[in-house]
Amino acid sequence: MFEFSLNKSSGPAAPRLGEIVTARGVVPTPAFMPVGTYGTVKTLTPEELRAMGAGIILSNMYHLYLRPGVEAVAQLGGLHRFMHWDGPILTDSGGFQVFSLAPFRKVSDAGVTFRSHLDGSSHFLDPEKVVALQEALGVDLMICLDECPGYPAPEDEVRRAAARTLEWARRSRAARKNPEAALFPVVQGGMLPELRREQAQALRELNFDGYALGGLSVGEDKELTWEMVAATTPELPQDKPRYLMGVGTPEDLVAGVALGVDMFDCVLPTRNARNGMAFTNGGRVVIKNAAYALDPGPLDDACDCYTCRNYSRGYLRHLYVSREILAFRLLTFHNLYYYLDLMVKMRQAIAADRFAAFRREFHQNRLNGGKASG
Ligand SMILES: [Zn+2]
């Protein structure tokens, strides 16, 4: 079961409020999906994710396919059972990983042959197999295999990849066997707004459950990212969710929501936590800085997460420089809470018709280091 209800919208590329309804739970949108690439959101248990308000998580078909293998996950009860998460799961098809991680790959209209970045073994994936593998994992939202051109890339290459991605979306749709799991195609088109519009229109005709925007945040300037998103969202059906893949600083989430994006994922809150960086209402905090050695204050004055309620910056710095595992857990806890709370605040602002004011305050707080509450 998969349904999307759009509860509020003020235009084709404007902030929206909605709800994704699946058999495993209802997710209010705009939503952020914590990333659990290998079937775990690093350092946290599913109970901890739930407690901080996560409603849906993302995992990665490519990584699970290579290790431990989709068959192994299926034998152990499917991905939800395997990782003990009973909420909705979206899996990325692995298109991006094949193009960014595999040491060797050869793409044809048939599919993609590549070598594993783990052990050099050779593999072949095509759109049909990628749908079948995600169905075998038992996930709630599946993504079609796509071809993600590099950046910058010659225009003919970008056009060829977009045409192939469109054809692969058709094949994925035909290959689908489980109507319970939603299927999203990926809108590609490089940095060519006209091509992105065409792709979105063609995919719209195919009537998918939702639409992903891919091939962005691959090294281009931010203005270009948003120009591409702004070119795409008005061409997509209003009553289907839009998912912007892998783009996600806090500033990006706010900019994406402003253009009518409903779903986000990004490794930044979890990865940066493990590198000692916290996202706060006042901007970024690098916890190892000596300035925090005797700081009794919380990571973020405006945050009421478990970490901020109980621990000082001085203690977190001590844990981090001592390479204590708790440092990674506490920083991950805060960063994800911050992201999920940011989504809550944006949804509240949209509901109250004050998103523009929220956005101004968000940026003002960062300029003031979080001291002015606005
Ligand atoms: Zn916090």
### Task
Please determine, by comparing only the residues of the stretch 101-140 that are among the small types (Gly, Ala, Ser) and surrounded by 14 or more Cβ atoms within 10 Å (Cβ to Cβ), which one is nearest to MET83 (Cα to Cα).
GLY138
### Query
Just one of the numbered conditions (1) within 15 Å of the ligand (Cβ to nearest atom); (2) on the phi > 0 side of the Ramachandran plot is not true of CYS308; which one?
(2)
### Candidates VAL247, VAL229, filtered to the one that is part of a loop (DSSP other than H, G, I, E, B) and either touching an Asp or Glu at 6+ places or on another chain (Cβ under 7 Å) or of a type in the set (A, V, I, L, M, F, W, C) (or both)
VAL247
### Message
Consider the stretch 7-20. How many of its residues are modelled with pLDDT of 95 or more and either among the acidic types (Asp, Glu) or surrounded by 15 or more Cβ atoms within 10 Å (Cβ to Cβ) (or both)?
### Response
8
### Task
List every residue pair whose Cβ atoms sit under 9 Å apart, with the two residues 6 or more apart in sequence or on different chains, where the first one lies in the stretch 266-288 and is more than 27 Å from TYR243 (Cα to Cα) and the second, anywhere, is among the small types (Gly, Ala, Ser) and assigned to a helix (DSSP H, G or I).
GLY276/ALA327; ILE287/ALA327
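Given the structure, is ASN368 at pLDDT below 95, away from the ligand (no atom under 14 Å from the Cβ) and not small (Gly, Ala, Ser)?
Against the criterion (at pLDDT below 95, away from the ligand (no atom under 14 Å from the Cβ) and not small (Gly, Ala, Ser)), ASN368 qualifies.
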### Task
Kindly indicate whether any position in the stretch 122-133 is more than 30 Å from PHE2 (Cβ to Cβ) and free of Cβ contacts under 8 Å to residues at least 24 places away in the same chain.
yes
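Evaluate the stretch 184-197: report whether one residue or more is more than 16 Å from VAL158 (Cα to Cα) and either in a loop (DSSP other than H, G, I, E, B) or within 19 Å of the chain's Cα centre (by Cα) (or both). Explain how you work it out, then say what you get.
Start the filter on the stretch 184-197 by keeping residues that are more than 16 Å from VAL158 (Cα to Cα), which leaves 184-185.
With either in a loop (DSSP other than H, G, I, E, B) or within 19 Å of the chain's Cα centre (by Cα) (or both) added as a condition, the list becomes 184-185.
Within the stretch 184-197, one or more residues are more than 16 Å from VAL158 (Cα to Cα) and either in a loop (DSSP other than H, G, I, E, B) or within 19 Å of the chain's Cα centre (by Cα) (or both).
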### Query
Is the stretch 184-198 home to any residue that is farther than 29 Å from GLU251 by Cβ and not charged (D, E, K, R)?
no
#### Entry: Residue, nearest to the ligand (Cβ to nearest atom), within the stretch 250-305, restricted to residues that are of a type in the set (Asp, Glu) and not in a helix (DSSP H, G or I)
ASP300
## Note on the structure
Exception for ASP353 within (1) under 29 Å from GLU19 (Cα atoms); (2) within 14 Å of the ligand (Cβ to nearest atom); (3) outside any helix (DSSP H, G or I) falls at (2)
### Query
Across the stretch 233-244, what is the number of residues that are acidic (Asp, Glu) and in a loop (DSSP other than H, G, I, E, B)?
1
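Can you tell me which residues in the stretch 311-340 are in a helix (DSSP H, G or I), out of contact with any helix residue (DSSP H, G or I) (no Cβ under 8 Å at 6 or more places or on another chain) and within 15 Å of the ligand (Cβ to nearest atom)?
TYR315, ARG329, LEU340
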### Query
So which helices (runs of 4 or more DSSP H) are wholly in the stretch 36-76 and hold at least 3 residues that are modelled with pLDDT of 95 or more and aliphatic (A, V, I, L, M)?
61-66, 70-75
### Message
If LEU145 satisfies all but one of (1) without any contact (Cβ under 8 Å) to a residue 60 or more places away in the chain; (2) surrounded by fewer than 24 Cβ atoms within 10 Å (Cβ to Cβ), what's the number of the condition it fails?
### Response
(2)
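The values are calculated or read from the model by the stated rules, or taken from the named source; none is laboratory data. What you are looking at is a predicted structure, and each value in this text was computed from that prediction instead of being measured. Every residue, glycine as well, gets a Cβ built from its backbone with ideal geometry; the counts of neighbours run over all protein chains shown.
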